[in-house]
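The values are calculated or read from the model by the stated rules, or taken from the named source; none is laboratory data. Quantities reported herein were computed from a predicted structural model and do not represent experimental measurements. Here the Cβ positions follow ideal geometry from the backbone for every residue, glycine too, while neighbour counts run over all protein chains shown. For accessibility, only protein heavy atoms count, side chains too; no ligands or nucleic acids. Shrake-Rupley method; radii C 1.70, N 1.55, O 1.52, S 1.80 Å.
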Amino acid sequence: MATQLDTFETNLETVRTDVTRTTPAAFQETLAGVIDHPAVGASLPFEEVTLEGTDVTLEPTPDQLREATCGVTAAALGVADYGSVVLESTPAGAELAGLFPDRHVIVVRERDLVPDMAAAFERLGDRFRDGRDDAVLATGPSATADMGALVYGVHGPRETHAIVLEDNGE
Amino acid sequence: MASKRSQKADRIRHVMATEGDSVERNALGFNDGRYESVARLEDYDAYKDRARAIKEDAIERLPELIEAVRETVEANGGTVYVANDAADANRYVRELARERAAETVVKSKSMTTEEIDLNEHLEAEGCAVWETDLGEFVLQVADEAPSHLVAPAIHQSREEIATLFNERFEPEEPLETAQELTEFAREYLGERIEEADMGVTGANFVTADTGTIALVTSEGNARKTVAVPDTHVAVAGVEKIIPTFEDLQPFVELIARSGTGQDITSYVSLFSPPVSTPPVDFDDDEPIADDPNDREFHLVLLDNGRMAMRDDDQLRETLYCIRCSACANSCANFQSVGGHVFGGETYSGGIATGWEAGVHGQESADEFNDLCTGCSRCVNQCPVKIDIPWINTVVRNRRNRGADEGQLDFLVEGLTPDEEPAGLDLQKRFFGNFATLAKLGSATAPVSNWMANTPPSRLLMERVLGIDRRRELPTFERETFVEWFRNRDVPRPVDAEYHAVVYPDLYTNHVRTDRGKATVRTLEALGVAVEVPEVASSGRAPLSQGMIATAEGHAHEVSADLEPYLEAGYDVVVIEPSDLAMFRGEYERLLGGSRYESLADRSYEVFEYVYGLLENGTDPTPLRGGDAARGVGSDIAYHSHCQQRTLELEAYTTAVLDQLGYDVVTSDVECCGMAGSFGYKIEYYELSMDVGDRLGEQFETSDTADRTVVASGTSCLEQLDALLSRQPQHPISLVAPNGSD
Ligand code: SF4
């Protein structure tokens with residue numbers, strides 16, 4: 001039987017998001033293989049991994065944001081049956097790093113996966129009432145068909161890549 | 001009158017020629033996508049029920065929820081302004097722009113700001129206003145109105161957009177591909193966003209308990225519009241409020257699937273502003289995160305007629321609409337003309353009638369309201385289960401009643417014993433009273449047929465009634481179906497297990513008596529004791545002209561005529577799907593209560609009934625199977641009827657035909673385009689044929705071109721007859737045992 005992680009991966013691919021599974025120990029190495037340069041990002045709200053010591057510029061200036069070709073940010077949740085991720089907006093500008101550069105690398109923990117939207121909205125409802133009340137449910141790259149054919153990468157990223165931190169790797 | 005009709009015909013012809021292809025390609029794409037996407041959603045129907053219940057509750061409690069939103073948004077640090085009307089909302093936003101000395105305002109897509117013409121007001125304040133949604137941007141450059149609720153520029157092809165951009169912006173290298181156009185727009189609008197002083201968005205939903213705005217988008221422009229400038233103004237109709245955050249879930253599952261056929265859009269932004277992302281000042285070179293987060297947020301809740309709609313028992317349902325566009329994409333007429341014909345000042349598609357009548361006034365709906373033929377294909381597609389055709393009927397009825405008095409015409413007067421006001425448009429009155437005409441037609445046939453088809457009378461009919469000369473008129477039978485049944489000499493079965501009345505609908509009774517006779521022979525061969533009494537016509541004809549009072553009169557007559565049979569245990573077998581749709585659908589509103597229920601519960605479409613008999617063990621041997629088909633092949637191309645498909649009855653016909661050994665392929669267009677009287681009307685004839693062509697093409701493929709064509713509805717048969725060289729027939733005529741009538 002497919003695990004929730006398998007389902008999530010399959011659906012990420014359906015929505016044109018590449019996936020790399022990794023462990024906390026191998027995270028920085030995996031990341032190095034996945035990002036483009038220059039990269040900007042927002043520090044990850046996870047204990048097991050960090051962007052400190054990587055090539056990712058944290059707390060960028062507007063110019064760095066504009067010049068970056070890659071953004072690295074965390075996802076608070078992953079929704080298995082849609083291949084969606086929940087991106088929180090933070091005072092450190094996580095939303096911007098996931099929105100301006102051409103490529104968005106999303107770090108999501110296996111333990112933060114939920115099976116479906118119903119479960120996602122239950123979790124989000126609690127978070128919103130707790131005051132963590134800005135989130136984007138993002139599914140795949142930004143897209144438009146307004147110019148007569150489907151094109152990826154409009155105002156948001158053209159490519160999305162999820163790095164999934166496996167639980168059993170702790 | 002005649003010239004007004006021909007002006008309308010000209011306008012429709014022009015839009016079909018210039019925009020029709022793009023509209024058709026896109027609307028059909030969305031429509032197909034929707035069928036596929038909702039089929040993937042487990043619990044689709046349950047989600048629709050939930051979505052409907054949430055909206056009913058929210059509109060019921062709206063005043064209370066508005067106050068709740070005010071409290072939560074203000075507690076979060078934002079401001080709420082409830083604007084009575086467009087002028088009030090525009091004044092408020094304009095003052096905000098003035099106070100902030102805003103030079104550049106960026107917007108994400110919002111139909112509500114289209115409704116109030118906000119851009120013009122901001123421009124009058126001296127602001128440069130930019131639409132950042134690419135479709136809206138195209139319209140802004142082209143200076144056009146949206147032609148679709150969700151994809152506002154679907155009427156423009158890539159080539160047209162390229163020409164437009166190359167002329168307006170004169171890029172070094174001419175733009176050509178969708179990729180190049182998108183990159184150009186991204187770059188251009190990216191600069192506008194960077195310099196913006198104020199961002200304006202709409203809201204798909206506003207939750208009362210958390211003060212959260214939900215924006216459903218794909219491009220990412222709404223997020224940038226909110227994140228980059230430090231002032232965000234969201235303009236939303238009051239009806240966008242839902243009670244709780246969790247109530248968002250069914251809508252998130254439904255909205256994109258119902259609209260463009262995506263399971264979900266790229267971004268569903270949920271935020272309780274002011275957002276925590278720091279605003280970006282692109283002239284600054286300090287880290288962005290260092291800027292203090294002093295954002296401003298204003299939520300403008302727009303009434304503009306909505307509270308009055310809420311008090312209106314007929315228009316209230318419109319407020320449940322989430323503007324997904326399913327009703328437009330699934331509409332055969334819309335697929336041909338788009339929102340520039342099937343739309344008003346702002347809104348387009350089936351539900352536009354409700355919105356336009358509510359927010360811009362009845363007149364804005366009058367122009368296009370007739371484009372809804374009541375085919376009902378949108379009804380099952382609407383995620384909040386709005387009876388869209390009914391809203392169109394009500395608005396049509398109101399228009400009829402508001403029509404100028406005193407336009408009596410002696411020619412038509414005798415033919416129109418209806419309950420409608422004197423000023424009612426003659427064309428509507430004529431078609432609405434088709435029952436009277438049919439009686440007269442049969443009584444005087446064949447003379448009536450000769451008379452009607454002479455060139456002078458066709459000309460007169462076209463001038464006075466707007467009946468297009470290119471349409472063939474129905475030929476009335478001298479002996480009606482009811483008379484045939486009464487006159488024939490066939491012994492009735494004595495101890496039959498099933499008793500049924502075959503409902504003599506107008507067409508079966510006066511025009512297509514053959515299918516009535518075939519039905520009787522079929523049922524009798526299957527052992528059913530049949531009666532064909534005189535029964536009033538259903539009221540479908542007047543209802544489709546918006547003549548509700550007249551239709552209601554018919555409903556009561558039908559009910560009274562059939563009551564003794566229902567009491568005696570008879571079932572009612574209906575041949576014409578649009579009449580069955582009345583019995584099961586509109587009669588609930590026209591009759592109500594137990595009279596509606598007893599009729600609705602006991603009425604069956606003819607193949608639904610035959611299917612039931614066979615399922616209950618009746619021997620099908622007497623029916624003509626595929627191999628025994630007389631003079632026709634066993635390979636069939638079947639076009640069900642729009643209302644029949646809405647009632648989910650198509651499968652009974654195909655199942656019975658399958659069982660009898662026919663090889664059946666079915667059409668999958670939404671409607672044949674004829675739609676009762678619609679295709680006869682001179683202003684709509686060409687549109688009707690354009691819609692019909694989609695059906696015609698499906699029956700001219702290599703697999704279908706040699707098949708026998710069958711269709712269930714009268715209108716569909718007439719339309720197919722006009723479209724194909726093969727003569728179509730009702731499927732019952734195919735399977736009925738041979739008779740000697
Ligand atoms: S009426 Fe229903 S189908 Fe039409 S746009 Fe509104 S919600 Fe969608």
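What the table below lists for this structure:
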| item | result |
| --- | --- |
| Sulfur and carbon atoms: percent of accessible area, the stretch B:133-230 [1.4 Å] | 41 percent |
| Estimated dipole of the protein assembly as shown in Debye, rounded to 20 [Cβ of Lys and Arg +1, of Asp and Glu -1, Cα centre] | 3900 debye |
| Local electrostatic count, A:ARG132, Cβ distance below 10 Å [Lys/Arg +1, Asp/Glu -1] | -3 |
| List B:PHE184, B:PHE165, ordered by accessible area with a 1.4 Å probe, largest first | B:PHE184, B:PHE165 |
| The stretch B:569-723 - accessible surface per residue (Å², probe 1.4 Å) | 34 Å² |
| With Cα atoms, 0 to 90° folded angle of helix B:158-169 axis to chain B main axis | 30 degrees |
| Those aspartates and glutamates that a straight Cα-Cα span of less than 13 Å connects to B:LYS439, excepting residues fewer than 8 apart in one chain | B:GLU477, B:GLU479, B:GLU483, B:ASP505, B:GLU534 |
| Part-to-part distance (alpha-carbon centres) for the stretch A:41-65 and the stretch B:695-741, which is given in Å | 68 Å |
| Dipole-positive endmost among B:THR277, B:HIS232, B:THR207 within the stretch B:147-283 (Cβ charges, Cα centre) | B:THR207 |
| Low-density loop cleavage sites - GluC sites (Glu not before Pro) in the stretch B:641-735, where at most 11 other Cβ are within 10 Å (DSSP) | B:GLU648 |
| Residues of type lysines that B:LYS224 reaches as a straight line, Cα spacing below 29 Å, ignoring anything fewer than 8 places off in the same chain | B:LYS107, B:LYS109, B:LYS240 |
| Chain B - Rg (one decimal) and Dmax (whole number), Cα, Å | 28.4, 99 |
| Size of the stretch B:226-269 as Cα extents on the principal axes (Å, biggest first) | 33, 25, 18 |
| Within chain A: Cβ-based charge dipole about Cα centre, in debye rounded to nearest 20 (Lys, Arg +1; Asp, Glu -1) | 340 debye |
| Of the trypsin sites (Lys or Arg not before Pro) in the stretch B:629-729, those whose Cβ has at most 10 other Cβ within 10 Å and which sit in DSSP loop | B:ARG630 |
| Net +/- balance of residues flanking B:LEU41 in space, Cβ distance below 12 Å, scoring K and R +1, D and E -1 | -4 |
| Protein heavy-atom accessible area occluded, A/B pair - total, 1.4 Å probe, Å² | 4700 Å² |
| Probe 1.4 Å, all protein chains present, accessible-area order of B:ARG11, B:ARG540, largest first | B:ARG11, B:ARG540 |
| Average other protein chain Cβ within 10 Å of Cβ, residues B:274-285 | 5 |
| Within 10 Å of each Cβ in A:83-93, the average number of Cβ atoms from other chains | 5 |
| The protein assembly as shown - Rg (one decimal) and Dmax (whole number), Cα, Å | 30.5, 99 |
| Average partner coverage of A:119-131, which counts Cβ from other chains inside 10 Å | 4 |
| Accessible area (Å², per residue) of the stretch A:87-170, counting only protein heavy atoms and a probe of 1.4 Å | 32 Å² |
| Cα lying deepest toward the dipole's positive end in the stretch A:1-65, options A:THR61, A:LEU51, A:THR23, charges on Cβ | A:THR23 |
| Packing-based order for B:455-462, A:87-94, using average beta carbon neighbours within 10 Å, highest first | A:87-94, B:455-462 |
| Accessible area of the stretch B:623-741 belonging to carbon and sulfur atoms, whole % at 1.4 Å probe | 41 percent |
